[in-house]
């Protein structure tokens with residue numbers, strides 16, 4: 001089932017608490033201790049919670065429901081966020097008072113034949129705010145979402161559902177590559193935690209199937225429980241920082257541009273038509 005889950009832990013927590021920095025680690029499962037324990041290595045204390053969506057598209061729409069009247073500065077590595085907001089506006093909803101610094105249009109790299117936005121690309125865009133931080137800063141990192149950095153063959157295979165179904169041993173390789181993608185993002189996450197002020201939330205937009213029920217990924221047709229469990233960790237106390245309107249003079253994000261990038265990430269036409 002796809003949509004917004006307003007009764008979820010995450011929706012309630014975001015609705016009733018204030019924060020200065022919201023860090024989203026895309027497709028991070030909260031139900032597997034092997035993965036969440038990696039957050040302990042950078043002194044976070046995560047707990048599993050139910051997510052307010054099972055796909056980035058609906059997670060963004062949920063954020064819109066909660067914060068459509070609040071100014072956010074959004075550093076974004078995932079084009080599905082832009083598509084969700086474009087669709088909301090197309091449906092007659094007002095554009096929220098959010099400024100976007102989209103990392104993906106200019107940092108889209110061909111990494112071993114697969115497109116990727118590295119965590120360091122996102123960090124480079126956030127660094128100027130270390131001494132001039134917006135009151136509410138959202139940082140959306142692409143990892144541990146595929147592609148799997150350093151494993152180009154596996155990144156290509158995950159788009160072939162028939163191959164995955166024929167050889168379930170590939171799921172073991174997927175789980176290892178997924179864990180390594182978490183390890184890749186940890187140094188950047190540590191730097192963000194050390195450099196930013198106030199109450200910082202670290203969570204995810206949804207989980208990920210890694211062989212659960214014989215499935216991979218987080219496609220709209222999937223309903224596995226692992227998709228709805230994400231980590232939640234916090235650091236620091238809320239700081240009443242001044243409201244600084246940053247403004248952005250960046251790329252004009254069109255629906256065609258967002259869809260082109262999403263196809264490169266392996267999104268299907270079914271997902272793009274939502």
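See the values below:
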item	result
Full-stretch length increase - residue 132, residue 43 - with 0.36 nm per residue and alpha-carbon distance subtracted	29.6 nm
Sequence ranges 16-24, 80-88, 143-151, ranked by mean other-Cβ count within 10 angstrom, highest first	143-151, 80-88, 16-24
Length added when fully stretched, residue 195-residue 17, from 0.36 nm per residue minus Cα-Cα	61.9 nm
Cβ-based exposure ranking for 61, 47, in which fewest neighbours within 10 Å come first	47, 61
Distance from region 36-86 to region 190-230 (C-alpha centre basis), Å	9
Label-to-label distance, nm, for residues given as residue 239 and residue 70 (7 Å Cα→Cβ offset)	1.7
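Laboratory data are not the source of any read-out in this text; all were calculated from the coordinates shown. Everything quoted here is computed from the prediction, not taken from an experiment. Ideal geometry is used to build each Cβ from the backbone, glycine not excepted, and the neighbour counts take in all protein chains shown.
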